[in-house]
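What follows is a set of notes on a single structure, which appears directly below.
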Amino acid sequence: MKRRSSISADANDDGRAGLSAIKDIIKEWKVLVGCERITVWLLDPGSRKLYNVAADQLGNSLISVPLGVGLAGKAAKSGDDAFIRDAYEDPSFNQAVDKALNFRTRAVCCVVLKDDAGFTMAVVQAINKTTPDAVFEPADADTIRLRQADVLALLTGHYHNTRVSQWTPVR
């Protein structure tokens with residue numbers, strides 16, 4: 001995982017308003033879905049990487065993950081949501097992140113957000129249901145999708161003067 005991004009915001013818009021709104025949505029999702037952590041990953045098809053644009057636990061750390069790598073990268077590449085009962089049983093899961101954060105990931109839900117044309121734009125990754133031994137279900141993905149249009153509009157608005165306009169969509 002690299003901490004450098006090819007995505008950069010417009011110099012006249014530091015993006016705090018859009019990212020603040022996404023973080024508010026993350027707080028809402030955590031309550032509605034009943035989970036410990038949520039990260040929003042933006043797909044840059046040009047570099048074929050996902051970038052964490054908003055997370056409730058990573059502060060301002062920017063992490064990139066190649067498309068197809070890790071749980072979120074695998075979901076983005078396939079275009080399908082993923083429901084993982086035990087992350088440590090999935091070979092795509094990177095345990096090094098847990099070790100670095102002194103955390104234990106159990107259940108994971110990756111929800112793929114697509115635009116109206118069906119192109120993958122982002123992945124929302126929910127981690128650990130707050131109820132012990134609970135797992136994520138399709139209803140949790142449905143709850144996250146209730147705010148899909150808002151998140152995609154905020155991401156598009158935040159990065160309107162970036163390489164996004166040069167991206168080649170991924171289906």
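For the listed peptides 30-42, 136-148, a ranking on the average number of other beta carbons within 10 Å per residue, highest first, reads 30-42, 136-148. Residue-wise HN-Hα couplings along segment 45-52, as the Karplus relation 6.51 cos²θ - 1.76 cosθ + 1.60 with θ = phi - 60° gives them from phi, are x, x, 8, 6, 9, 9, 10, 6 Hz; Gly and Pro carry x.
Sorted on the mean count of surrounding Cβ atoms within 10 Å across their residues, most packed first, peptides 87-93, 69-75, 107-113 read 107-113, 69-75, 87-93.
Bear in mind that the values in this text are calculations on the coordinates, not laboratory data. Every value quoted in this text rests on a predicted model; they were computed, and no experiment measured them. Reconstructed Cβ throughout: ideal geometry from the backbone, glycine too, with neighbour counts over all protein chains shown.
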